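*Asks:* If you scroll down you'll find the structure; I have some questions about it.
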Amino acid sequence: MRKRPLSYKAHQAIVLLVTFLAYANYHASRKTTSIIKSALDPLSPDVGLKFNLWRTSGSSTPVESSHRASLARGGWAPFDAAEGTSLLGELDLAFLGVYAGGMYFSGHLGDRMDLRIFLTLGMLGTGLFTTLFGLGYWANIHVFSYYLIVQMLAGLFQSTGWPSVVAVVGNWFGKSKRGLIMGIWNAHTSVGNISGSLVASALLSYGWGWSMVAPGLIIAFSGLVVFLFLPVHPESVGIDKEGDDLGSPKKSGEGITEPLLKSASETEKAIGFIEAWRIPGVAPFAFCLFFAKLVAYTFLYWLPFYISHTVIDGEYLSSTTAGNLSTLFDIGGVVGGILAGHISDRLGARAITAASFMYCAIPALYCYRNYGHISIAMNVGLMFITGMFVNGPYALITTAVSADLGTHSSLNGNSRALATVTAIIDGTGSVGAAIGPLLTGYLSAKSWSSVFVMLMVSALIAGLFLTRLVIAEVTSKFEESNSRGRIPSRNPVLEV
């Protein structure tokens, strides 16, 4: 009996599920380094523990002195020395710097080869070098250069992930509900952060090496799942795209006759790097994401460390508890990503939505720094709200906006720009993601208040970069509302 071919919607569901799991594991393997920071460097400078946003010095409390004395017995050379916090910041810079540079290369390459193969190789490489970092625990390696090189190679392979998954999802979904769909789908970032935190925290008591090896093996296995089940493009399974929304695809013949894993069509020529930068809206959103990811990745890499080194309700939390508690930031990020996507769909205004969230992040950051120490409940609530406003625009820009611009009308229907455009936007953002954790490593040695000032200023600048696009969206809406008597549903900025 001939096997009945899968429907278009079934293939869409497979794409969403496989890419969701793939990128969740990318982030899970990336999150682990933030969990093991407290095990590698258990000490914290006195002045980094104060609560007042503007205070940068002061004497230690008995609770703080006792805590540092108990922590002094642990650590892992060379990170347990006086410059340990700065060395951890340099590891973050090495990883994210190579990740950012590799992103541009990965997007360019991803538009020119089979994304399924490309993504699989990236996941296997990520798993290998994440595991090698953890193996330093059993091999008793205390050479900083070893961890530095391993992190740089891990960052290179990690850069294959985002351009690939966004390009694949963008190939299967049109623009009308892209913000909501990709907002929900983008929960993989927070799900990955949460699962990575929980797994790494649970294994930390057995030795910090396990917190790296387990996520490394998991992402390597997930790479094999991608290789076996991911359909990259409708044409790869015998379906022809029809119309903007891809809601009513035209099948080739009576059903799907092509094999599931056939390579995407090569009839379209991939656009160049400079040409992609010239697409209207790419540069403003890219520079906005630079500062948005600076804020988001500072939390990604340093939040568990900050929590474990801050007195909350008169006491310190263990590294495991701090790691588990930090997941509330990512849960808020899930809600923020979905809200930002849905609101931008309803308003037809990606720039207005992203800028508004960034501006709201400023008071959220201020309140978390000044009032988060009062109680666990207060810390959790403010952390959730901060995660919602910080990750909302980050999720929107890296998903729906990137996909919109990658299928911009100026490309005349050429779909082979998605990975390049996505890589440009997220690669530029990743430069900021590299700088934020690095600066935090140095600033936190003086005062965590300085870190939060940096984050608030970055959030402000991120919103300001979208000012021209916000004005264009508002102006267009007023004009179309006056001429038609209703508010338009499409985004004028991204349709120019």
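*Asks:* If we count every other residue with Cβ under 13 angstrom of residue 90's Cβ, Lys/Arg +1 and Asp/Glu -1, where does the sum land?
*Replies:* Net charge around residue 90: -2.
*Asks:* Given R₀ = 45 Å, FRET efficiency for residue 117-residue 377 by Cβ-Cβ distance, to 0.05?
*Replies:* Taking R0 as 45 Å, the efficiency between residue 117 and residue 377 is 0.40.
*Asks:* Roll a 1.4 Å probe over the protein chains and send me the accessible area per residue for the stretch 177-236 in Å².
*Replies:* Here the per-residue accessible area is 35 Å².
*Asks:* Under 5 Å between amide hydrogens, which residues at least 5 positions from residue 312 or on another chain qualify, with H placed 1.01 Å from N in the peptide plane?
*Replies:* 317
*Asks:* Ignoring ligands, DNA and RNA, please state the percent of accessible area on the stretch 124-191 from carbon and sulfur, probe 1.4 Å.
*Replies:* Accessible surface attributable to carbon and sulfur in the stretch 124-191 totals 78 percent.
*Asks:* If Lys and Arg each add +1 and Asp and Glu each add -1, what is the summed charge of the other residues whose beta carbon sits under 10 Å from the beta carbon of residue 352?
*Replies:* Once all neighbours under 10 Å are counted, the net charge is +1.
*Asks:* Measure off, as a whole percent, the carbon and sulfur share of the 1.4 Å-probe accessible area of the stretch 328-376, all protein chains present.
*Replies:* Carbon and sulfur: 76 percent of the exposed surface of the stretch 328-376.
*Asks:* Using θ = phi - 60° and the Karplus relation 6.51 cos²θ - 1.76 cosθ + 1.60, list the HN-Hα couplings for the stretch 7-15 in order, rounded to whole Hz, with x at every Gly or Pro.
*Replies:* 6, 4, 5, 5, 5, 4, 5, 4, 4
*Asks:* Further, regarding this structure: Might you work out the accessible area of residue 9 for me, using a 1.4 Å probe with all protein chains in place, and round it to the nearest 10 Å²?
*Replies:* Roll a 1.4 Å probe over it and residue 9 shows about 140 Å².
*Asks:* Also, quick follow-up: With a 1.4 Å probe and all protein chains in place, put 316, 368 in order of accessible area, largest first.
*Replies:* 316, 368
*Asks:* Pop out the ³J(HN,Hα) list for the stretch 29-38 in order, Karplus 6.51 cos²θ - 1.76 cosθ + 1.60 with θ = phi - 60°, rounded to Hz; leave Gly and Pro as x.
*Replies:* Each residue of the stretch 29-38 in turn: 6, 7, 6, 4, 5, 6, 6, 7, 3, 5 Hz.
*Asks:* Rounded to the nearest 10 Å², what accessible area does residue 345 have for a 1.4 Å probe in the complete protein model?
*Replies:* 30
*Asks:* Could you report the accessible area of residue 330 in Å², rounded to 10, computed with a 1.4 Å probe on the protein chains as they sit in the structure?
*Replies:* Residue 330 has an accessible surface of roughly 10 Å² with all protein chains in place.
*Asks:* From the phi of every residue in the stretch 97-114, what ³J(HN,Hα) in whole Hz does the Karplus formula 6.51 cos²θ - 1.76 cosθ + 1.60 yield, where θ is phi - 60° and glycine or proline is x?
*Replies:* Here the 3J(HN,Hα) series is x, 5, 4, 5, x, x, 4, 4, 5, 5, x, 4, 6, x, 6, 10, 8, 5 Hz.
*Asks:* Which order do peptides 369-378, 154-163 fall in by mean Cβ count within 10 Å, highest first?
*Replies:* So the peptides 369-378, 154-163, ranked by packing, come out 154-163, 369-378.
*Asks:* On full extension of the chain, what length is gained from residue 482 through residue 315, given 0.36 nm per residue of separation minus the C-alpha to C-alpha distance?
*Replies:* So the extension gain works out to 54.2 nm.
The values are calculated or read from the model by the stated rules, or taken from the named source; none is laboratory data. What you see is a predicted model, and the numbers here were worked out from it, not measured in a lab. Backbone-built Cβ (ideal geometry, glycine too); neighbour counts: all protein chains shown. Note: areas computed on protein heavy atoms with side chains; ligands, DNA, RNA excluded. Shrake-Rupley method; radii C 1.70, N 1.55, O 1.52, S 1.80 Å.
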